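Quick notes on the structure that follows.
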Amino acid sequence: MRLLTAAVTSMALMFGATAATAAPIEIKFSHVVAENTPKGQMANKFAELVAERLPGKVEVKVFPSSQLFGDNKVLEAMLLGDVQMAAPSLSKFQKYTKQLQLFDLPFLFKDMAAVERFQQSEAGQKILSSVESKGLVGLGYLHNGLKQLSASDPLRVPADASGKKFRIMTSDVLQAQFEAVEAVPLKKPFSEVFTLLQTKAIDGQENTWSNIYSKKFFEVQPYITESNHGVLDYMVVSSAEFWNGLDDDIRVEVKKALDEAIAFGNQVAAEKAQSDKQAIIDSKRSEVLEISDAERAQWVSAMKPVWNQFSDEIGADLIEAAAQSNN
Ligand code: SIN
């Protein structure tokens, strides 16, 4: 009896030890936006699907609103293994690939359907792998939407932006875009934008309806010009070391969950582009300015020369392929 008890105890210890070492794989997903945004909703949906399908095996922990890392630091943190997934805006990959700068070219896409067509094309999908040489894996695009210009004074034509300070993401293309209208661009993290606007350290910024709404920029910016002058989308990324280190069956399931979460996030993006714009209008805190075709033509002709400035770095063929997606 004593022998049997000893055997049972040692087996229990053995299984206990095994269970203790088989902790779920943790995926820390870090992002900078609020939870009620396309990216916030996508990340939460991804965590939910993984919890349902891989219980005890993989656990996704989402850190919104720059709680863990700002977008300018998250990719370095990923390469160090401090975070496993993120979805920075395409404008924030400049240190890792020049090709993604394509998406910052002003007035390249006429609408989000054109962006989607290009991203799903062979050329668009190929760009996802352009970060591989830097140790990252591009897992897919996620939409947010077209950008609008918010400011402390009404902006109807490019001359209205002249001399004004605009916060931009860390992108040389965006810098050139604002310089093209003689404005002063300042590269600043997303987490600082509200305070910069509130304290009037800057005059304006460019962003999507959902970011302007969820981060309350509209409360401190009396005018928003509906310019639709560029796109703000994301690439979901992981480090090659983490991603390729997953067992094949786990990686397949995680990717499936991610693809579904992205499809859900894209739906949220399309809805929020309408509903968050309307919520801003209804708030009456900020006036939404529509511009005429002639005014818009002025912005296009001032900003479009930026394409030529970057065509060698990005690739003229790629720019042409993207422009073709408008047809
Ligand atoms: C984001 O949507 O992830 C942030 C965009 C920004 O930095 O303006």
- Note on the structure: The residue that is farthest from residue 152 (Cα to Cα), considering only those in the stretch 179-201 that are more than 14 Å from the ligand (Cβ to nearest atom) and surrounded by 19 or more Cβ atoms within 10 Å (Cβ to Cβ), is 180
- Query: When you scan the stretch 82-100, how many residues do you find that are touching a residue at least 60 places away in the same chain (Cβ under 8 Å), crowded, with 21+ Cβ neighbours inside 10 Å and within 16 Å of the ligand (Cβ to nearest atom)?
  - Reply: 10
- Is at least one residue of the stretch 119-135 within 14 Å of the ligand (Cβ to nearest atom), closer than 19 Å to residue 242 by Cβ and modelled with pLDDT of 95 or more? no
- Task: Consider only pairs whose beta carbons are under 7 Å apart and that are at least six residues apart or on different chains; among these, list those whose first residue lies in the stretch 190-207 and is free of Cβ contacts under 8 Å to residues at least 24 places away in the same chain and whose second residue is surrounded by fewer than 22 Cβ atoms within 10 Å (Cβ to Cβ).
- Result: 198/220
- Matching residues in the stretch 29-68 - criterion: being more than 14 Å from the ligand (Cβ to nearest atom) and over 20 Å from residue 82 (Cβ atoms): 44, 45, 48, 49, 51, 52, 53, 54, 55, 56, 57
- Query: Does the stretch 153-210 hold any residues that are part of a strand (DSSP E or B) and either among the hydroxyl-bearing types (Ser, Thr, Tyr) or over 28 Å from residue 274 (Cβ atoms) (or both), and which are they?
  - Reply: 165, 184, 185, 186, 187
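Okay, residues lined up against (1) in a strand (DSSP E or B); (2) buried (at least 17 other Cβ atoms within 10 Å of the Cβ); (3) not hydrophobic (A, V, I, L, M, F, W, C):
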site	(1), (2), (3)
278	no, no, yes
282	no, no, yes
296	no, yes, yes
307	no, yes, no
- Filtered residue count, the stretch 287-327, keeping only those that are within 23 Å of residue 183 (Cβ to Cβ) and hydrophobic (A, V, I, L, M, F, W, C): 13
- Test set (1) more than 20 Å from residue 230 (Cβ to Cβ); (2) within 22 Å of the chain's Cα centre (by Cα) - residue 282 fails condition number: (2)
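Right, residue 44: in a loop (DSSP other than H, G, I, E, B) and at pLDDT 95 or above or not? Quick ask: steps written out before the conclusion?
Working: in a loop (DSSP other than H, G, I, E, B): no; at pLDDT 95 or above: yes.
When the stated conditions are applied, residue 44 does not pass them.
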- Quickly run through the stretch 139-182 and pick out the residues that are in contact (Cβ under 8 Å) with a residue 40 or more places away in the chain, among the charged types (D, E, K, R) and touching a strand residue (DSSP E or B) at 6+ places or on another chain (Cβ under 8 Å). 147, 153, 156, 164
- Among the listed residues 108, 79, which satisfies the condition of being over 15 Å from the mean Cα position of the chain (by Cα), of a type outside the set (Phe, Trp, Tyr) and crowded, with 18+ Cβ neighbours inside 10 Å? 108
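Is it true that residue 244 is within 14 Å of the ligand (Cβ to nearest atom) and either touching a residue at least 12 places away in the same chain (Cβ under 8 Å) or in contact with a strand residue (DSSP E or B) (Cβ under 8 Å, 6 or more places away or on another chain) (or both)?
Working: within 14 Å of the ligand (Cβ to nearest atom): no; either touching a residue at least 12 places away in the same chain (Cβ under 8 Å) or in contact with a strand residue (DSSP E or B) (Cβ under 8 Å, 6 or more places away or on another chain) (or both): yes.
When the stated conditions are applied, residue 244 does not pass them.
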- Query: Can you tell me which of 237, 252 is among the β-branched types (Val, Ile, Thr), within 16 Å of the ligand (Cβ to nearest atom) and farther than 21 Å from residue 291 by Cα?
  - Reply: 237
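One residue is enough: does the stretch 224-246 have a residue meeting the conditions closer than 22 Å to residue 64 by Cα, surrounded by fewer than 17 Cβ atoms within 10 Å (Cβ to Cβ) and out of contact with any Cys (no Cβ under 7 Å at 6 or more places or on another chain)? I'd like the intermediate steps shown before the answer.
Quick first cut of the stretch 224-246, residues closer than 22 Å to residue 64 by Cα only: 231-239, 242-243.
In the following step, the residues that additionally are surrounded by fewer than 17 Cβ atoms within 10 Å (Cβ to Cβ) were identified as none.
Within the stretch 224-246, not a single residue is closer than 22 Å to residue 64 by Cα, surrounded by fewer than 17 Cβ atoms within 10 Å (Cβ to Cβ) and out of contact with any Cys (no Cβ under 7 Å at 6 or more places or on another chain).
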- Among the residues of the stretch 208-226, write down those that are in contact with an Asp or Glu (Cβ under 8 Å, 6 or more places away or on another chain), away from the ligand (no atom under 14 Å from the Cβ) and of a type outside the set (Asp, Glu). 222, 223, 224
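Yes or no: residue 74 more than 26 Å from residue 318 (Cβ to Cβ), touching a strand residue (DSSP E or B) at 6+ places or on another chain (Cβ under 9 Å), within 15 Å of the ligand (Cβ to nearest atom) and at pLDDT 95 or above? Outline the logic, then answer.
Details: more than 26 Å from residue 318 (Cβ to Cβ): no; touching a strand residue (DSSP E or B) at 6+ places or on another chain (Cβ under 9 Å): yes; within 15 Å of the ligand (Cβ to nearest atom): yes; at pLDDT 95 or above: yes.
No; evaluated as a whole, the condition is false for this residue.
The values are calculated or read from the model by the stated rules, or taken from the named source; none is laboratory data. Model, not experiment: these values are computed from the prediction. Using ideal geometry, Cβ is built from the backbone for each residue, glycine included, and neighbour counts are taken over all protein chains shown.
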